[in-house]
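Encoded as structure tokens, the structure appears first; notes follow it.
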Amino acid sequence: MFLRLAVLCCSLLIASSGARADAVRLQLAVSEWPPYEFSVQGAAHGLDIELARAAVKAMHQQPTFLFYPWKRVLLLAQRQEVDGILSVRPTPERQQYLVFPKEHLSVSENVVFVRKGDERPLSSVAALSGQLVGVTAGYSYGEEFDALVATGAITTDESLTEEQGLRKLLAGRYAMLVCDQHAGWHLAHSLGMAEQLSALPLRISSVKNYLGFVRNAEGMARAARFDAAVAGLKKSGDWQRIQDAYRK
């Protein structure tokens, strides 16, 4: 997978060598969230990383990906200490300090993970009311779930990372963990936990993940250029090729 991505991204870089050597650097804060964004020996990888990298380079800017815990990522954006953040869902609160392009990077399918043998019927998100549910600090899991948490109908136990959340689930700290389906299984397999877990059929939410730019005049202009860049990548087929290379 990495080899296919490397070849594709190198070809994109050569094709866009119109990107000037003095291209403006864009600092983007991200969190470890495989398979969408993760680091290997200091190098940034992942579906959202590769899509954002291609689009930003098409804008004739040079992206730098800075890894932090998710709540720190949000704080850096609020303080405008970075130019943007990856894999973020629009919410009314976030729209106060972020500008969201029209084009998104990926779609998260959030589900409930439980320990194998502890499967239970869940017919709706509201069925989680009165339960203690594991979540990752600072994440948004869709309007319905977030609203139930805000009213106190659902009690949450926050973890700094999804790895910590999975370990707490297996340790019995809570019976259910809400997590992106692909991220949860990717992490479970990499940690050797997959045989101990089950994902319930109920989909908590399906949310689009964006590259959010800090809300200022420059950020608004960048969001418009990002949409134009993505349109060009889609027209050339490169956007789809990145997605296909990653999913194989």
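Please treat every number below as a calculation from the coordinates, not as lab data. Since the model is a prediction, treat every value here as computed from it, not as a measurement. Backbone-built Cβ (ideal geometry, glycine too); neighbour counts: all protein chains shown.
Computed quantities for the displayed model
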| item | result |
| --- | --- |
| Kirkwood hydrodynamic radius (C-alpha pairs) into Stokes-Einstein, region 108-206, 25 °C and 0.890 mPa s, D in µm²/s | 186 µm²/s |
| Packing rank of 217-224, 82-89, where each peptide gets the mean count of other beta carbons within 10 Å, highest leading | 82-89, 217-224 |
| Charge dipole (debye, nearest 20) of the chain; +1 at Cβ of Lys and Arg, -1 at Cβ of Asp and Glu | 480 debye |
| Estimated FRET transfer efficiency (residue 150, residue 203; beta-carbon r; R0 25 Å; 0.05) | 0.75 |
| Estimated inter-spin distance, residue 91 and residue 118, nm [label 7 Å along Cα→Cβ] | 2.5 nm |
| Residue-span extension gain [residue 25 to residue 171] - 0.36 nm each, minus C-alpha spacing | 48.3 nm |
| Highest to lowest packing among 113-124, 165-176, scored as the average C-beta count within 10 Å | 165-176, 113-124 |
| Estimated inter-spin distance, residue 157 and residue 107, nm [label 7 Å along Cα→Cβ] | 3.2 nm |
| Computed E for residue 75/residue 196 - FRET, C-beta separation, R0 41 angstrom, nearest 0.05 | 0.75 |
| Cβ-based charge dipole, the chain, positive-most Cα from 127, 236, 204 | 236 |
| Per-residue Cβ neighbour rank within 10 angstrom, fewest leading, 103, 195 | 195, 103 |
| Alpha carbon convex hull of region 23-130, projected area averaged over orientations, nm² | 9.5 nm² |
| Under-5 Å amide H pairs with residue 26, H placed in peptide plane, nonlocal only | 62, 64 |
| Listed residue (187, 137, 41) projecting farthest to the positive dipole end of the chain, Cβ model | 41 |
| Sequence of 65, 145 once ranked by neighbouring C-beta atoms within 10 Å, starting from the fewest | 65, 145 |
| Per-selection Kirkwood Rh - the chain (Cα, Å, 1 d.p.) | 18.9 Å |
| Linear extension gain, residue 143 paired with residue 126, 0.36 nm per residue minus alpha-carbon span | 4.9 nm |
